[in-house]
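Worksheet: one structure, shown below.
What follows is calculated from the coordinates using simple rules that are stated; it is not laboratory data. From a predicted model like this one, the values you see are computed outputs, not experimental measurements. Every residue, glycine as well, gets a Cβ built from its backbone with ideal geometry; the counts of neighbours run over all protein chains shown.
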Amino acid sequence: MAILATLSLMNHWMFPLYLLVGDFVLRAFTHQPTPLVAVAKILLYVFKVKRKPIFAAPKKFAAGVGFVFSLSVLLLFLCHFNITAYVVGSILIICALLESVFKVCVGCYVYDWLVAPIINSRNNKTTPNIND
């Protein structure tokens with residue numbers, strides 16, 4: 001993700017942005033495997049990196065956020081708002097680097113802070129109390 005976004009920003013190439021948007025669409029809104037995930041799995045196998053199970057809901061949310069950011073960068077470039085596209089694209093790159101280098105998923109933290117409490121409060125309201 002970071003490499004594609006960086007290539008796009010540095011060279012003002014649209015094709016990597018189309019790839020990012022498409023990959024994020026597949027990740028966020030389907031259960032289909034994506035090309036970038038396939039490449040990542042091959043690299044993990046080649047370098048013998050141990051797989052670590054993850055909770056899917058925050059990752060799906062993070063992919064949705066990535067979709068919004070990558071689509072925003074693409075649309076901003078197409079509308080010739082280049083400086084804003086660089087700012088939004090830089091945020092996307094920073095988040096991708098945090099995930100890949102330091103295993104820090106910013107979208108997952110946002111999910112834990114904003115989405116999970118809402119879901120938990122809804123579940124608590126709909127679940128009958130055993131003591132009643």
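Applying 1/(1 + (r/R0)^6) with r as the Cβ-Cβ distance of residue 45 and residue 109 and R0 = 25 angstrom yields a FRET efficiency of 0.30. Taking one quarter of the surface of the C-alpha convex hull of region 64-116 gives a mean projected area of 3.8 nm². Each of 10, 1 was scored by other Cβ atoms within 10 Å of its Cβ. Arranged with the fewest first, they read 10, 1. Helix content alone sets the calculated 222 nm mean residue ellipticity of the chain: runs of n ≥ 4 DSSP H residues at -39500 (n - 2.57) each, divided across all residues, give -23500 deg cm²/dmol. Of all lysines in the structure, the ones whose alpha carbon falls short of 20 Å from that of residue 59, not counting any fewer than 8 places away in one chain, are 41, 50, 103. For the chain, the membrane-span-like helix rule (DSSP H, alpha carbon extent of at least 24 Å along the helix axis, mean Kyte-Doolittle at least 1.0) picks out 56-78, 82-102; this says nothing about an actual membrane. Here 30, 6, 84 are placed in order of increasing Cβ neighbour count within 10 Å, fewest first, which gives 30, 84, 6.
Label positions at residue 14 and residue 60, each projected 7 Å from the Cα along the C-beta direction, are separated by 3.2 nm.
Given a Förster distance of 30 Å, report the FRET efficiency between residue 78 and residue 29 from their Cβ-Cβ distance, rounded to the nearest 0.05. About 0.90, to the nearest 0.05. In terms of surrounding Cβ atoms within a 10 Å radius of their Cβ, 18, 45, 111 rank from fewest to most as 45, 18, 111.
Over all projection directions, the Cα-based convex hull of the chain averages an area of 10.5 nm².
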